[in-house]
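A.B. asks: Here it is, the structure, as C-alpha cells.
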Amino acid sequence: MKRFAAYRIWALWLAASALLAAWFAWAVQTPGEQSVFMPGQTTHAHHQIEMKCATCHGEPFKGAEGIQQACLSCHAAELKAMDDSHPVSKFTDPRNAGTLAKLDARQCVTCHTEHKREITHPAGVTLPDDFCIRCHAGVEKERPSHKGMAFTSCATSGCHNFHDNRALYEDFLIRHGHGDAAKSAGVVRERGLKEFMVYMDYLDGEPVTAAEMDGRVELQPTPAVVKNWEHTAHAKAGVNCSACHQVNPGKGGEPVWVKRPDHQVCAACHKPEVDGFLSGLHGMRLKQGLSPMQPGLAELPMKPDAAHKSLSCTSCHGAHTFDTRRAAVEACLSCHDDGHARAYKASPHFALWHEEVQGRGPKGSGVSCATCHMPRIEYLTPEDETRTLVQHNQNDNLRPNEKMIRSVCLSCHTLQFSLDALADGALVTRNFMGLPKHHVDSIRMALEAEKRGQARNAASGTAGDEE
Amino acid sequence: MRKLIPLAALGCVLGQPALAAEWTHKEIADALHSIMEADRTVYTKLIVNRLQNQEKVIKASEHWKDDKALVLPAQMFRYGSEAVAEKGAKFSYSLLSLWPVNKQNNAKTPVEKEGLEAVLKGDPYYKTETLGGKKYFTAIYPDKAVAKACITCHNDHKDSPRKDFKMGDVMGGVVVRLPIQ
C-alpha cells in the first residue's frame with residue numbers, strides 16, 4: 001500500500017511538471033503572456049515592445065548574433081546616416097585587438113544592455129560615465145587642452161558623442177566659430193511634399209468634388225466629413241473615397257470597403273512618412289504587429305483623458321481634415337503633459353508659431369513641436385534625388401540632443417547658442433524660456449587648435465603652398 | 001610499369017600551375033596589394049589630382065559631404081577597407097604612416113612600427129605577428145606620393161606632423177593582414 005502511495009506522488013509530480021512545462025511553452029510563444037520570462041525592466045526605448053521577446057532575441061532564440069541582427073534591423077540605417085564615429089569595422093580590425101579587449105563594441109549590447117534599468121543612463125547606455133577613458137586615457141598627450149578635464153565629461157558636456165558627431169567635429173566648430181553671427185530672419189526649409197507627390201506620379205488625378213464622391217453609399221459619410229474632405233489636398237488631387245477606403249484583399253479577391261483604413265493605406269502614397277512613424281515611439285508597436293501605442297502606456301507624463309487614445313496616422317492628422325498645423329502642435333499637446341510640453345505655449349518658439357499661423361510671420365518662421373521633433377529633412381527618392389520631407393520618427397534627432405543642431409537649431413540660431421542651450425537641462429525643461437546658463441567651450445578650443453596649426457604652418461613655410 | 005603510374009600522376013600534379021589554395025601568404029598579400037595600389041593611384045591621379053589640382057573643377061575635402069567635395073584618397077581607401085570588413089572578409093588592410101594626419105593611423109603594433117620604418121627604403125616588408133591571441137601574416141608596402149595633391153594636402157594640413165613631403169617620397173605604408181590558420 002505504502003509503495004502505491006509513493007507512485008502516486010511521483011505521478012502527481014510528473015503531471016504537475018508536464019503542465020508547468022506546457023504552460024511555459026505556450027507562454028513563451030504568446031505575445032502578451034511573456035512577462036514571466038522578463039529578467040528585468042526594459043529601457044524607455046524598448047518598453048513598448050518588451051512583451052514580444054522575439055523582436056530582439058530572434059526567432060527562435062538565436063543568442064548574441066541574433067540579438068545583434070535584431071538591433072541592426074531597426075538601427076543600422078541611422079548609424080550609417082550619422083557617419084558613426086565608432087563603426088564595428090574599427091573594432092574587428094586585428095590592429096585594434098587591444099582596443100577590442102577594452103571595449104567589445106562589435107555588439108550593441110556591450111554598451112546598451114537591456115533589462116538593467118537600475119544602471120541605465122540616458123540614451124540607454126549601461127556603462128559607467130567614464131567609458132571613454134578606457135581607450136582615450138592619454139588624450140592630453142595629443143591635445144594638451146584636454147588636460148585636467150573630468151573623466152566623465154567627454155560625452156556629458158556637449159563636446160563629444162560616441163556615435164554621432166556631425167555637429168561637433170573640430171572643423172565644423174571652426175567654421176561656425178568664424179561666422180557665428182546671429183541669424184535674425186531664420187526660417188526652416190520649405191516642405192516639398194507636393195513636389196514629391198508629383199515626382200512619384202501620385203498626383204495624376206483630376207480634382208474631385210463632393211458630388212463626385214464614390215463611397216457615399218458604402219460609407220455613409222456625415223455632412224461634416226464631406227465638408228472637411230472637399231477642402232483637403234486629397235480632394236484637389238483626385239483622391240476619392242475609394243482611394244483610401246477600398247482595400248484590395250489580395251489573392252485576386254474583390255476590393256472591400258473599409259470604414260477605418262490603417263497606416264498601410266496611407267503608406268501607399270506616404271511611405272517615407274509612415275516608415276518614420278513606425279520607427280519612432282509613436283508607431284513602433286504597430287511595426288511589431290502589436291496593438292497601437294496608447295498614451296496610457298507611455299513613461300513620459302501624459303494627460304489622463306488621453307490615456308486610451310490609439311496612435312495612428314489619423315490620431316494626429318485627423319481623418320478627412322489632414323490639418324498639418326494641428327498635427328504640428330495641438331495634436332502633440334492633446335497627449336503630452338511633461339514640463340517641456342506644458343511650458344511650450346509660454347515660450348518664444350510658440351510666439352513665433354502663433355504669429356505665422358495668424359498670417360503675420362513669414363512662412364517657416366514659426367517653431368512648432370514638429371519643427372524640432374519632426375524636422376524637415378532631405379529624403380532620397382528611389383532614383384537617389386533629394387526632396388524635403390517631414391521626418392515622422394520623433395526619436396530620430398532626440399538623443400543625444402546635439403543631433404538636433406544640424407537638422408533644426410542652426411536654421412535660426414548660432415552653433416554656440418545651440419550647444420549651450422541644449423546642454424542646459426533646466427532650460428530645455430522650461431522650453432527655452434530665458435538664456436542658457438551653461439557654456440560649452442568646444443568652439444573656443446577648436447579655434448585655438450586652428451591657430452596653433454597655422455603657427456606651425458607659418459614656421460615651416462608651407463601655408464598656402466598650393467599650385 | 002606499376003611503379004611508373006604513380007610517378008606519372010605525380011608528374012602531372014607538379015607540372016600544373018600552382019592552384020590558388022597553394023599560394024603563399026606573401027603571394028596572396030602581394031596580389032591584394034597590387035589591386036589596392038592600382039585603384040588608389042587611379043583615384044588619386046585621374047580623379048582628385050586632375051579635377052582639383054589640374055582642372056580646378058572641384059575640391060577634395062575631408063568633410064566631403066558638408067563641403068560637397070570629392071572624398072580624399074586616404075578616405076577612399078579607408079571606406080573600401082571598411083566595406084570589405086563589413087562583408088566579413090578574412091583579411092584586413094589599412095593605410096598607416098609615421099606622420100599621419102589622423103592620429104589613429106599611426107603605427108600601433110611593434111610590427112607596424114618596424115615595418116613603416118623599413119618601407120621608407122622603398123621595398124615591402126613581411127613579418128608574422130600575434131594580435132589578440134591570433135597569428136597573422138602582415139605585409140607592409142611603401143605608399144608613395146604619386147601626385148601633387150598628396151603632398152600639398154599633407155604639407156598644408158594643420159594636423160600633419162610633417163610638412164616637407166616631396167613627389168615620390170614614401171609617405172606611409174599599406175598594411176595587409178592575413179590570418180594564419
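Every read-out reported here was derived from the displayed coordinates using simple, explicitly stated rules and does not represent laboratory data. Given the structure is predicted, the values throughout are model-derived calculations rather than measurements. All Cβ positions, even for glycine, are placed from backbone atoms using ideal geometry, and neighbour counts span all protein chains on display.
A.B. asks: Give me the pairs: first residue in region B:107-134 and at the interface with chain A (Cβ under 9 Å from one of its Cβ atoms) and surrounded by fewer than 17 Cβ atoms within 10 Å (Cβ to Cβ), second residue in a helix (DSSP H, G or I) and among the small types (Gly, Ala, Ser), beta-carbon distance under 6 Å, and six or more apart or on different chains, which are they?
C.D. replies: B:GLY132/A:ALA97
A.B. asks: With (1) within 11 Å of chain B (Cβ to nearest Cβ); (2) surrounded by 15 or more Cβ atoms within 10 Å (Cβ to Cβ) as the list, and A:ALA81 as the residue in question, which single condition is left unmet?
C.D. replies: (2)
A.B. asks: Right, next: For the subset of region B:76-94 comprising residues that are surrounded by 18 or more Cβ atoms within 10 Å (Cβ to Cβ), of a type outside the set (D, E, K, R) and without any contact (Cβ under 8 Å) to a residue 40 or more places away in the chain, which member is farthest from the other protein chains (Cβ to nearest Cβ)?
C.D. replies: Per the criteria, the residue is B:MET76.
A.B. asks: Being surrounded by fewer than 20 Cβ atoms within 10 Å (Cβ to Cβ) and closer than 20 Å to A:GLN391 by Cβ narrows it down to one residue among A:LYS309, A:LYS345, A:LYS259, A:LYS271; which is it? Before you say what the answer is, go through the steps one by one.
C.D. replies: On the way: A:LYS309 fails: closer than 20 Å to A:GLN391 by Cβ; A:LYS345 fails: closer than 20 Å to A:GLN391 by Cβ; A:LYS259 fails: closer than 20 Å to A:GLN391 by Cβ.
That would be A:LYS271, the only listed residue that is surrounded by fewer than 20 Cβ atoms within 10 Å (Cβ to Cβ) and closer than 20 Å to A:GLN391 by Cβ.
A.B. asks: Restricting to region A:104-134, count the residues that are in a loop (DSSP other than H, G, I, E, B), surrounded by fewer than 18 Cβ atoms within 10 Å (Cβ to Cβ) and either touching a helix residue (DSSP H, G or I) at 6+ places or on another chain (Cβ under 6 Å) or not hydrophobic (A, V, I, L, M, F, W, C) (or both).
C.D. replies: The number of residues fulfilling the criteria is 10.
A.B. asks: Sticking with this one: Please go through region B:30-75 and give me each residue that is under 20 Å from A:ALA81 (Cβ atoms) and touching a residue at least 12 places away in the same chain (Cβ under 8 Å), ordered by number. Let's see the steps before the verdict.
C.D. replies: Quick first cut of region B:30-75, residues under 20 Å from A:ALA81 (Cβ atoms) only: B:61-69, B:71, B:75.
Across region B:30-75, the qualifying residues are B:GLU62, B:GLN75.
Table: residues versus (1) more than 29 Å from A:GLU142 (Cα to Cα); (2) surrounded by 14 or more Cβ atoms within 10 Å (Cβ to Cβ).
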| residue | (1), (2) |
| --- | --- |
| A:ASN393 | yes, yes |
| A:GLU402 | no, yes |
| A:LEU422 | no, yes |
| A:ALA426 | yes, no |
| A:ARG430 | yes, yes |
| A:PRO436 | yes, yes |
| A:ASN457 | no, yes |
| A:GLY461 | no, no |
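A.B. asks: Filter region B:140-165 down to the residues that are in contact (Cβ under 8 Å) with a residue 60 or more places away in the chain, under 22 Å from B:TYR93 (Cβ atoms) and either at the interface with chain A (Cβ under 9 Å from one of its Cβ atoms) or in contact with a Ser or Thr (Cβ under 7 Å, 6 or more places away or on another chain) (or both) and list them by number.
C.D. replies: Matches in region B:140-165: B:VAL146, B:ALA147, B:ALA149, B:CYS150.
A.B. asks: Hey, any hits in region B:118-131 for a residue that's aliphatic (A, V, I, L, M), part of a strand (DSSP E or B), in contact with a strand residue (DSSP E or B) (Cβ under 9 Å, 6 or more places away or on another chain) and under 30 Å from A:LYS102 (Cα atoms)?
C.D. replies: Looking only at region B:118-131, we keep the residues that are aliphatic (A, V, I, L, M), and these are B:118-120, B:131.
Pick out the ones that are also part of a strand (DSSP E or B) and you get B:131.
Now drop any that are not in contact with a strand residue (DSSP E or B) (Cβ under 9 Å, 6 or more places away or on another chain), which leaves B:131.
Subset that is under 30 Å from A:LYS102 (Cα atoms): B:131.
Yes - at least one qualifying residue is present in region B:118-131.
A.B. asks: Out of (1) more than 17 Å from B:HIS154 (Cβ to Cβ); (2) surrounded by 15 or more Cβ atoms within 10 Å (Cβ to Cβ); (3) within 11 Å of chain A (Cβ to nearest Cβ), what's the single condition that is false for B:GLU62?
C.D. replies: Status for B:GLU62: all satisfied but (1).
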